[in-house]
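Please treat every number below as a calculation from the coordinates, not as lab data. Values in this document were obtained by computation on a predicted structure and should not be read as measured data. Positions of Cβ are backbone-derived with ideal geometry, glycine not excepted, and every protein chain shown enters the neighbour counts.
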Amino acid sequence: MEYSKHNIFSQVRGREQWFLVNLLSGEADLLERDVADAVASGSPPPAAYTDAFIEKGYWVESAEERRRYDAAYAAFKGAAAKEEIQLFFLLNYSCNFTCDYCYQSGYDPERAVDRPAAIDSFFKFVDKHFRGLRKYVTLFGGEPLLPGNHEYVAEIIRKLNARALGLAIVTNGYTLLDYLPLLKTAAVREVQVTLDGPPALHNSRRPLGGGLPTFDRIADGIDGLLAAGIPVNLRTVLDRDNIAGLPELARIAKARGWTGHPKFKTQFGRNYELHYCQGNSGRLFDRLSMWEAVVEQAKQHPEVLEYHRPALSISRYLFENNALPSGLFDSCPATKSEWAFDYTGRIYSCTATVGKEGEELGRYWPQETPLSEAAAEWARRDVTTIPQCATCALQLACGGGCGAVAKNRTGAILSPDCRTPRELMELGFDLYQPEREPELSHA
Ligand code: SF4
Ligand code: SF4
């Protein structure tokens, strides 16, 4: 018997309490100091807990653990093959906003192309290569809902409806009210809109070209979508400049009736360096410090938790479901359940690579070209094919991170982008525990 390769053990942040989580066996326990001390020493299992710890898979025969791992991986691959595919389509890289952190502002100016022909070819490509697979199309940019795009969006909706396919949109939200009648004719899965804080803060970060404010029109657009029963996913891009605005944004969302609306959900994104250097990178959080700051806001202002309950690795799931999620063999959907197509006919792995020099995987138009070898490499990427991940105890909580971030850092697709699941659990087990004690067996 040996200490499982998949045990994740640490102390709950700010408490005299430890946790032991194993995503392969699906077990989690909160531990008192004496047991934690014994666990920390590694092996053998503490005498009084031997049977329980073996039963929970914290101590295992390595051959048996390998067998369980292979079975879990096969189940994961089986489920992944049936996953719905998100096909991003970009009508342009340009935008009517001048957000101070936008990575796409570093891209080439727009090219004059025959967009109706590109749209037609995109759908022909989808019909041919994604036949029989569950899928939907997401409009992405730049800003997809520019006033001049109305006829293109209408054509895309006609083609989607003819195929009974759903539509999602990632928009800055400024023209939502103008587009609402058209959107009501589509099977809209979700509209992702961004508000970076209460009005003054948002307007200072996400102004219209020329500096005009945008908050009120976006907020009216969200009201309109929700009134029409169209799901809204409200995103906030966080850095040190706007984190303190979260409580007020949460209060605004509540006052407008968004929080608690069945079609309303939220997400936080991190403002981070991906494509080129930010002029003001001192404002950026690293991944962990962003969630530390969110948790601090949530503890001081409970309305923040009403607005958004961060996952904090498996913490929220565990405390809400009293069970662990399945192990995460792969956290990067690129070329598996996600592809990106731009209006010039180029194909990319995902939204993080789309439009980026050297990341093109092939073409769907004007001539279809075979996909490059890199496409196959993206498709292979998971914790079993990234050498560092294959031996990492955190692998089933981490999934290998983001392939684009990893490639940016190392030049290799099959390289790790280390997440911090252990530290996130340290935070999450503290944040969520007081609300509802899970019925974990306290060893
Ligand atoms: S490369 Fe990163 S952004 Fe792109 S799909 Fe993978 S995880 Fe997402
Ligand atoms: S990306 Fe890093 S932390 Fe994540 S599984 Fe791989 S080696 Fe471990």
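Tabulated values for the structure
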| item | result |
| --- | --- |
| Förster radius 41 Å - calculated FRET efficiency between Arg256 and Glu32, Cβ distance, rounded to 0.05 | 0.35 |
| Net charge contributed by nearby residues that have their C-beta within less than 11 Å of Leu160 (K/R +1, D/E -1) | +4 |
| Computed label-point distance, nm, for sites Asp220 and Glu84 using a 7 Å Cα→Cβ extension | 3.1 |
| Segments 215-228, 134-147 sorted - mean Cβ within 10 Å per residue, highest first | 134-147, 215-228 |
| Among Ala36, Ala250, Ala164, residue whose mean-square fluctuation peaks in a GNM of the chain (springs only between Cα atoms under 10 Å) | Ala164 |
| Relative contact order (%) - segment 85-310, alpha-carbon pairs under 8 angstrom, separation at least six | 18 |
| Kirkwood hydrodynamic radius over Cα pairs of the chain, then Stokes diffusion coefficient at 4 °C and 1.567 mPa s, in µm²/s | 55 |
| Label-point separation in nm, Leu180 to Ala162, each point 7 Å along Cα→Cβ | 3.0 |
| Equivalent-ellipsoid semi-axes of segment 318-408, from the Cα gyration tensor, Å, largest first | 30, 14, 10 |
| Environment charge at Gly142 (Cβ cut-off 11 Å; Lys +1, Arg +1, Asp -1, Glu -1) | -3 |
| Compactness of segment 2-78 as Cα Rg over 2.2 N^0.38 Å, two decimals | 1.15 |
| Share antiparallel - DSSP beta bridges, segment 85-310, percent rounded to 5 | 5 |
| Selection from Ile413, Pro325, Ser337, by position along the positive dipole direction of the chain (Cβ) | Ser337 |
| For segment 66-78, 3J(HN,Hα) per residue [Karplus equation, 6.51 cos²θ - 1.76 cosθ + 1.60, θ = phi - 60°, Hz, x = Gly/Pro] | 4, 5, 5, 5, 4, 5, 5, 5, 4, 5, 4, 5, x |
| Helical mean residue ellipticity (222 nm; -39500 (n - 2.57) per DSSP H run of 4+; nearest 500) of the chain | -10500 deg cm²/dmol |
| For segment 85-310, convex hull of alpha carbons as volume per residue, Å³ | 134 |
| Stretch gain in nm, segment Asn322-Ala154, where the contour uses 0.36 nm per residue and the Cα spacing is subtracted | 56.0 nm |
| Total formal charge among the other residues, if their Cβ is under 12 angstrom from that of Gly257, Lys/Arg +1 and Asp/Glu -1 | +2 |
| Sequence-distant lysines (8 or more away, or on other chains) whose Cα lies within less than 24 Å of Lys336 | Lys77, Lys82, Lys124, Lys128, Lys135, Lys159, Lys356, Lys407 |
